[in-house]
Structures are given as structure tokens and as C-alpha cells.
Amino acid sequence: MTEILTGTTQSSRIASRSWQGEEIQLFDGGLNTPAPAAHKSARIFRPSRPVTTSARVTCRPWRLEFERRTPTVIDHLMGYCGGGDTLTHVQLDFPTREAAVAFAEKQQLDYVVQADPPVRPRPNVRKLSVNG
């Protein structure tokens with residue numbers, strides 16, 4: 001069937017082809033977007049503990065995540081968001097903050113280090129006296 005298709009013209013998101021005199025428009029899934037900018041930016045932070053655990057976190061690694069370089073593409077038919085930027089799926093864990101910063105500087109990344117939020121003291125319920 002692909003041998004019969006002729007006369008391809010493309011726009012930024014829709015490929016238009018003619019087949020036996022009929023005009024067919026094919027959606028390319030948003031992958032025919034312009035190339036992302038060359039500069040990469042990253043965010044370095046310590047992720048919080050998962051909400052499914054009740055234990056205190058004793059060892060939280062520092063994580064480096066890349067920021068999105070291109071806007072998301074919305075598929076109006078299916079309702080999902082996508083895009084061609086695959087670096088948004090990359091998460092790198094480091095044992096220390098200095099190791100994450102050294103990696104970002106070695107790779108010549110623009111980075112932002114997010115500090116931990118202040119720790120709120122939790123009241124000890126066992127020590128509270130109940131006066132009746």
C-alpha cells in the first residue's frame with residue numbers, strides 16, 4: 001500500500017498525501033516538531049519520601065532532572081500529551097550534592113540547586129499529659 005502513495009507534502013504536524021486521487025492527512029504524533037535548543041538546563045534536589053511509606057527516610061540521594069526544552073504537544077483526538085524531548089525522562093541519582101554539581105559542571109549544564117524545606121518538629125504524643 002505504501003508503494004501507491006505519492007505526492008507527499010508536509011507541514012509542521014500533518015503530512016498530506018494523495019492516494020488514488022484522494023487527499024489523505026496523517027498525524028505524525030507531534031514528533032515532527034522543530035529541534036530543541038542546544039542549551040540544557042537541569043534541576044538538582046533531594047526528593048521527598050514516598051507517601052506510601054511510613055518509615056523515616058535515612059538516606060535520600062540527590063537527584064538531577066533535566067528541564068523540558070520544547071513545549072508539549074497535545075493530541076486532540078486521544079487526549080494525551082507528548083513531545084520529542086526525551087531528556088525529560090532521565091533522572092540521575094548522586095550520593096552527595098557536590099557530586100551532582102560536579103557532574104552538571106562537567107557536562108556544561110545550566111543547573112539550579114533546590115535546598116531542602118525546613119524540618120518541622122513532630123510532637124511526641126506519648127509525652128503529652130492528659131489532665132482530665
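Miscellaneous remarks
- Yes/no for Arg49 being at pLDDT below 85, within 20 Å of the chain's Cα centre (by Cα), surrounded by 10 or more Cβ atoms within 10 Å (Cβ to Cβ) and closer than 30 Å to Arg122 by Cβ: yes
- Taken together, the residues in the range 67-120 that are of a type in the set (D, E, K, R) and surrounded by fewer than 12 Cβ atoms within 10 Å (Cβ to Cβ) amount to 6.
- In the range 59-98, residue farthest from Val113 (Cα to Cα) [restricted to those that are charged (D, E, K, R) and assigned to a strand (DSSP E or B)]: Asp93
- Checked against (1) over 15 Å from Trp62 (Cβ atoms); (2) at pLDDT 90 or above; (3) not in a loop (DSSP other than H, G, I, E, B), Arg126 passes all but a single condition, namely (2).
The values are calculated or read from the model by the stated rules, or taken from the named source; none is laboratory data. Predicted model, so just to flag it, every value in this text is computed and none were measured. With ideal geometry, Cβ positions are generated from the backbone for all residues, glycine too; neighbour counts draw on all protein chains shown.
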